[in-house]
Amino acid sequence: MCAMARPRKPLLSTDRIVATARALVDAEGLAAVSTRRLAAELGVSGPSLYNHFRTKDEILEAVADSVSAQVDLSMFEDGRPWRTALHDWAVSYRAALRDHPNIVPVLAHGPGRRPAALHLADAVYGAMVAAGWPPAQATSIGALMRYFIMGSALGSFAGGFVDDASAYDPADYPHLQKAHLLADQQEKIDERAFETGLAALLDGLAGQYERVAGV
């Protein structure tokens, strides 16, 4: 008896669609994603995508959730102090967004019904309440951290300066004589700025914690 021939192309699956759409978003931005383009990339007919997703927006939501799923949440489960846990989580979250910056506008809309995003929100809130933060404050902390991390992922401060020294005439900008050098140090400057802001934010929360949690 002859063995059944294997299919020439990988079977279409939700995970494969999401991975392909994520690669498109990473490479070309949100506008690159369409059911026609995705079908071509996957080597299938357009209608076959509708067995997994009804609309382009559903696909982008799934891509966004796949990025949320890359964020480490173990720090909220292994006994780390709340401040350390928030710091380590923020670093992991920013790393995921840095790897997939083009999906940030979708993530910025909030978790909606996305499972990984809801697990993330649940972990942060639960850990803060367990640490002694009042529920209302725990909600505010989750929102504050999200604003800060999302904002850091939306653009680069250092990358916003051109590397042309003539753009910074000392007569007009007496304090920007070395601004043309910033772009070359983009990653280092942005990383330092993130850590500086995160430390300041956590210092502020620590002061509040002493008052609201009675420690």
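The values are calculated or read from the model by the stated rules, or taken from the named source; none is laboratory data. Just so it is clear, the structure is predicted and the values come from calculations on it, not from any experiment. Methodologically, a virtual Cβ is constructed for each residue, glycine included, from the backbone with ideal geometry; neighbour enumeration extends over all protein chains shown. Surface accessibility is based on the protein's heavy atoms, side chains included, excluding ligands, DNA and RNA. Shrake-Rupley method; radii C 1.70, N 1.55, O 1.52, S 1.80 Å.
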Within the group E187, E210, E191, which residue is part of a helix (DSSP H, G or I), among the acidic types (D, E) and over 30 Å from G79 (Cβ atoms)?
-> E187
Residue match in the stretch 105-123 (condition: open to solvent by less than 60 Å² (accessible area, probe 1.4 Å) and within 26 Å of R211 (Cβ to Cβ)) | yes
In the stretch 157-172, is there at least one residue being out of contact with any helix residue (DSSP H, G or I) (no Cβ under 7 Å at 6 or more places or on another chain) and within 17 Å of V71 (Cβ to Cβ)?
-> no
Count of residues meeting criterion [under 18 Å from L107 (Cβ atoms) and either part of a helix (DSSP H, G or I) or touching a Gly at 6+ places or on another chain (Cβ under 7 Å) (or both)] in the stretch 52-78 | 13
Hey, any hits in the stretch 40-51 for a residue that's open to solvent by 60 Å² or more (accessible area, probe 1.4 Å), in contact (Cβ under 8 Å) with a residue 24 or more places away in the chain and either over 22 Å from L11 (Cα atoms) or in a loop (DSSP other than H, G, I, E, B) (or both)?
-> no
Restricting attention to the stretch 1-26, report how many residues are at pLDDT 80 or above and more than 21 Å from T55 (Cα to Cα).
-> 0
